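Worksheet for the structure shown next.
Just so you know, all these numbers are worked out from the coordinates, no wet-lab data involved. Note that the structure is predicted; figures quoted are calculated from it, not measured. Because the Cβ atoms are built from the backbone with ideal geometry, glycine has one as well, and the counts that use them run over all protein chains shown.
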Amino acid sequence: MRISGLLGAGLGALVTMSVALADQGHSHGGASEPLRPAGFDYDPPIPGSYRLPPLGMAADGIALDETGAERRLHDLMKQDVTVLSFIYTRCGDLCPLGTLLMRDLHEATAGDPDLAAGLRLITMSFDPDYDTPEVMAREAQALRGDRGADWVFLTARDKRELAEILSAYDQRVLAKADPDSPGGPLAHQLRVYLIDRELRVRNIYSLDFLDPRLVMADIRTLKLEEAGTSCGASDCHDDFAEMGVGPHMGQGVGGPVEREDPVDRQAQAAGRYGVR
């Protein structure tokens with residue numbers, strides 16, 4: 001699979017490793033569960049054996065898709081379980097990690113039409129000046145396969161509307177002092193959101209939790225919940241109990257303390273958030 005600007009400078013080794021793993025465990029034409037990523041030394045929970053309490057409502061907003069058509073976020077989300085990731089294509093540090101997660105999910109659903117039919121992946125840029133619909137169309141062409149969950153690539157019409165969306169999702173972005181930084185001109189957190197059909201955020205995955213096996217288990221848990229076959233209030237349990245963490249691996253109460261994002265430390269030191 002051709003990798004474009006999203007998987008840019010400074011991440012060649014990571015991409016090479018990912019492609020090698022894809023050749024071993026991901027077939028574009030066959031079903032496969034995501035492989036265990038390096039650094040995630042645990043087994044994910046059994047889907048349906050735990051609950052994902054709602055964390056709040058997913059925000060709406062107007063965006064442009066890769067064809068330039070206006071799309072409302074809620075319209076894209078309300079028919080399917082949604083995984084939403086914010087990135088920008090000039091990013092050379094964190095964004096490619098989120099994009100690799102989305103690609104793993106897309107490929108893992110290629111051999112499971114039922115799961116793919118009820119799942120939507122949304123990659124949205126927070127760099128509308130550069131990431132035009134044409135740029136996002138090239139990213140889609142480079143990353144999206146013929147089969148698997150629907151994967152939509154979005155950008156914003158303007159920075160004002162984008163700022164409202166980012167604020168609602170607590171996605172912080174700022175301009176770096178050096179616009180020619182090898183990692184890209186914007187500093188930001190990396191956050192990926194799991195959203196159910198009722199537009200409720202059910203998990204948030206940060207830098208330490210970008211494990212496609214975990215996200216897939218959470219997706220299947222929501223699908224079982226929709227079908228009424230997940231655990232009841234009295235028999236739900238936490239498969240991570242022996243690790244001393246809760247079912248919300250990303251942002252849940254009782255989970256491990258995630259390491260502080262170095263880009264976020266830069267943002268806090270600057271004392272300003274929002275698109276610049």
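The table below lists the values:
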read-out	value
Packing-based order for 99-107, 124-132, 139-147, using average beta carbon neighbours within 10 Å, highest first	99-107, 124-132, 139-147
Calculated Rg and Dmax of the range 121-160 using C-alpha coordinates, Å	10.7, 35
Trp151 long-range amide H proximity, modeled H, under 5 Å	Leu121
Amide H contacts of Gly61 (H built 1.01 Å from N, under 5 Å, at least 5 apart or other chain)	Leu73, His74
Spatially proximal lysines relative to Lys78 (Cα-Cα < 28 Å; intrachain offsets below 8 disregarded)	Lys159, Lys223
